[in-house]
Amino acid sequence: MLNRVLDQSKQFAYDILHPHSIAVDATCGNGNDTSFLLDHISKGKVYAFDIQSEAIKSTKEKIAHHKNLEQLTLIHDSHENVLQYVDKHIDVAMFNLGFLPKANKTITTLSHSTITAIEAILSQLSVGGRIIITIYHGHENGKDEKRAVLSYAEKLDQHFFNVLMYRFINQINDAPFILVIERRRSSP
């Protein structure tokens, strides 16, 4: 059976993660991706971002007793500022665009800060590294963000990046989908 979107996003990350990986959870939300990344990184580092204090608190609670907690830096800031915190090559970055589940739905990720974050991470992405973006577009900001992210990704030079869309085309209600950007080789 085909993987659901959230399961497949983790699989795209799992395929390349190793104990020394440097990873970014660009939207830590309730801590699910942060916890997943910590499960697979025992000697590397996970940087988890969110602008909402509620998300930071929820993530702290989820990972409070994680065995690799010392590998985590939890950051209450926008993912667009990633380079202020991460100065290493990034192997995996995960985004879940939209709003925090079961929270204020008027606070959403926005196309400008998301594109800025993607560009910043691409500048640090290791060869073979991946940015995995789950796009929730069932709300107005989500529709704008979807257009912006797709437009940006479609223009990436195929000599340096692979861009993949994982999407179910027979689903109703603006089903989420995944965009994966993988670095093929170093930029000139």
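Relative to the present Cα-Cα distance, how much length would full extension add between ASP7 and GLU154 at 0.36 nm per residue of separation? Don't jump to the answer; show the numbers that get you there.
On the way: separation 147, 0.36 × 147 = 52.92 nm, distance 2.41 nm.
This chain segment gains 50.5 nm when fully extended.
Let me check I've understood the local charge: for HIS66, count other residues with C-beta under 15 angstrom from its C-beta, Lys and Arg +1, Asp and Glu -1. What total comes out?
Values: positive: LYS43, LYS45, LYS60, LYS62, LYS67; negative: ASP25, ASP33, ASP39, GLU61, GLU70.
Summing Lys and Arg as +1 and Asp and Glu as -1 gives 0.
Can you give me the Rg/Rh ratio for region 46-94, using Cα atoms for both radii and the Kirkwood formula for Rh? Don't jump to the answer; show the numbers that get you there.
Numbers: Rg = 11.1 Å, Rh = 11.6 Å.
We get a ratio of 0.96 for region 46-94.
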Open item on the list: Just the number please: accessible area per residue for the chain, 1.4 Å probe, all protein chains included, in Å².
Closed with: 52
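Heavy atoms only, probe 1.4 Å: what % of the accessible area of region 1-112 goes to carbon and sulfur, would you let me know? If you can, show how the numbers build up before the last one.
Working: 2960 of 5710 Å².
Exposed carbon and sulfur together represent 52 percent of the surface.
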Task: Qualifying trypsin sites (Lys or Arg not before Pro) for region 19-123 [loop in DSSP, other Cβ within 10 Å: at most 12] - done: LYS43, LYS67, LYS88, LYS102, LYS105
Task: Fraction of beta bridges assigned by DSSP in region 1-89 that are antiparallel (%, nearest 5) - done: 10
- [ ] Beyond 21 Å, what share of the Cα-Cα pairs of region 1-109 is found? Please give it as a whole percent.
- [x] 31
Open item on the list: Considering all alpha-carbon pairs of region 142-184, what whole percent are spaced by more than 15 angstrom?
Closed with: 48
Task: Fraction in percent of alpha-carbon pairs per bin - 10 Å, the chain - done: 10, 40, 39, 12, 0
- [ ] Give me the aspartates and glutamates in straight-line cross-link reach of LYS10: C-alpha distance below 12 Å, same-chain residues under 8 apart excluded.
- [x] ASP25, ASP33, ASP39
Open item on the list: Among HIS65, LEU83, SER151, which residue has its Cα furthest toward the positive end of the charge dipole of region 6-153, with +1 on Lys/Arg Cβ and -1 on Asp/Glu Cβ?
Closed with: HIS65
Task: DSSP-defined antiparallel bridges as percent of all bridges, region 31-188, nearest 5 - done: 55
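Just in region 41-105: which chymotrypsin sites (Phe, Trp or Tyr not before Pro) are loop by DSSP and have at most 14 other Cβ atoms within 10 Å? Don't jump to the answer; show the numbers that get you there.
Details: sites: TYR47, PHE49, TYR85, PHE95, PHE99; in loops: TYR85.
Of the chymotrypsin sites (Phe, Trp or Tyr not before Pro), the ones in loops of region 41-105 whose Cβ has at most 14 other Cβ atoms within 10 Å are TYR85.
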Open item on the list: Taking the Cα centre as origin and putting +1 on Lys and Arg beta-carbons and -1 on Asp and Glu beta-carbons, what dipole magnitude results for the chain, to the nearest 20 debye?
Closed with: 300
- [ ] Could you tell me the convex hull volume per residue, in Å³, taken over the Cα atoms of region 77-180?
- [x] 105
TODO: Would you compute, from DSSP H runs of 4+ residues alone, the mean residue ellipticity of the chain at 222 nm, taking -39500 (n - 2.57) per run and dividing by the full residue count, rounded to the nearest 500?
DONE: -9500 deg cm²/dmol
Open item on the list: Using amide H atoms built in the peptide plane, which far-off residues or other-chain residues are under 5 Å from PHE177 H to H?
Closed with: ILE135
- [ ] From zero up to wherever the largest Cα-Cα distance of region 5-46 sits, split into 5 Å bins and tell me the percent of pairs in each.
- [x] 6, 24, 35, 26, 8, 1
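The values are calculated or read from the model by the stated rules, or taken from the named source; none is laboratory data. Bear in mind the structure is a predicted one, so any value in this text is a computation, not a measurement. Methodologically, a virtual Cβ is constructed for each residue, glycine included, from the backbone with ideal geometry; neighbour enumeration extends over all protein chains shown. Accessible surface is based on the protein model in full, side chains and every heavy atom, while ligands, DNA and RNA are left aside. Shrake-Rupley method; radii C 1.70, N 1.55, O 1.52, S 1.80 Å.
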